[in-house]
Structures are given as structure tokens and as C-alpha cells.
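A short worksheet on the structure shown next.
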Amino acid sequence: MMSITQQQKWLRVTWASYIALVLMYAVQTWVTAPSGVGTPFEVIGAGMALWFLKTLPLWLFCPALIRLNARQLSWFGFVTLLYIPFTIVAAFDEPRWIGLLMSVASMGLFLGNAYLVRALKRGL
């Protein structure tokens with residue numbers, strides 16, 4: 001049986017939280033879309049553009065997660081800190097379950113990233 005290192009463990013947590021947060025932003029955009037405004041194609045197009053703008057900072061740090069660059073991942077931690085207040089505010093809007101899941105995902109992303117950077121710098 002193979003044991004996983006601290007680095008691999010925190011990398012999995014970070015990736016899982018990253019994917020969950022991006023998907024939850026897509027779900028939030030889809031569920032909170034206005035009804036009866038324009039054609040369905042306009043609503044979908046506007047929703048996709050809004051989703052892309054909300055998640056653009058996350059996409060910019062995707063190469064850092066792939067290469068495991070500790071310095072870039074440190075900056076990614078600062079960026080993920082900006083998502084936490086927005087997701088907590090979203091938890092008070094309807095539907096609440098989306099905001100709560102986004103809050104858990106954003107906090108998991110920050111903590112997973114912080115421990116991943118720590119493991120990378122220690123060489124674990």
C-alpha cells in the first residue's frame with residue numbers, strides 16, 4: 001500500500017476545492033438567472049460571461065497549481081482570500097445552500113493552498 005505525502009494530500013484538497021468553487025459559481029449563475037428577460041440564448045450567453053468574469057482570477061492561477069510553483073501559489077492564497085467574503089455574503093441570499101457550499105469550498109481552497117505551500121517549502 002502506498003502512502004501519500006503531505007504535499008499530495010494538500011494538492012488533492014486544493015484541486016477538489018478549486019473545482020467545487022468553479023462549479024458552484026456556475027450553479028449560482030444558472031439558478032439565480034432572471035426569468036422572462038430576453039431569449040434563452042441571451043440569458044445563457046450573459047450568464048456564461050458573468051461566470052467567466054467571476055472565476056477569471058481562479059483560472060489565472062491554474063498553471064501555478066499544475067507546476068506547483070510555491071511563490072505563485074502564495075499569491076494564489078491572497079487571491080482566494082478575496083473570494084471568502086463574497087461567498088459568505090452569497091450564503092445570506094436565496095438559495096442559501098449554494099452560498100454555504102461556496103463558502104466551504106472557498107475556505108477549503110484557501111486552507112488547502114496554504115498547507116500545500118507549506119509542504120512545498122518544507123519539501124514534504
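Quick note: the coordinates plus some simple rules give every number you see, no bench work behind them. All figures in this text were calculated on a predicted structure; none of them were measured in a lab. Every residue, glycine among them, receives a Cβ derived from its backbone with ideal geometry; neighbour counts consider all protein chains shown.
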Exercise. Post the alpha-carbon centroid distance, the stretch 89-124 to the stretch 22-48, in whole angstrom.
Key: 24 Å
Self-check item: Sorted peptide list for 108-119, 18-29, 50-61, 76-87, criterion being average Cβ within 10 angstrom, highest first
Solution: 108-119, 18-29, 76-87, 50-61
Quiz item: In the set [x] 113; [y] 152; [z] 132, which value of volume of the Cα convex hull per residue in Å³ was calculated from the structure you see?
Solution: [x]
Exercise. Give me the distance in nm between label points sitting 7 Å out from Cα along the Cα-to-Cβ direction at residue 39 and residue 68, one decimal.
Key: 4.9 nm
Quiz item: When the label point is put 7 Å from the Cα of residue 27 along its Cα-to-beta-carbon vector, which residues of the stretch 82-101 have a backbone N closer than 16 Å?
Solution: 87-88, 90-101
Quiz item: For residue 56 and residue 122, FRET efficiency with R0 = 30 Å and r from the beta-carbon atoms, rounded to 0.05?
Solution: 0.45
Practice problem: Identify, among 53, 8, 32, the residue whose Cα sits farthest towards the positive end of the charge dipole of the chain, taking +1 on the Cβ of Lys and Arg and -1 on the Cβ of Asp and Glu, with the dipole about the Cα centre. | Solution: 8
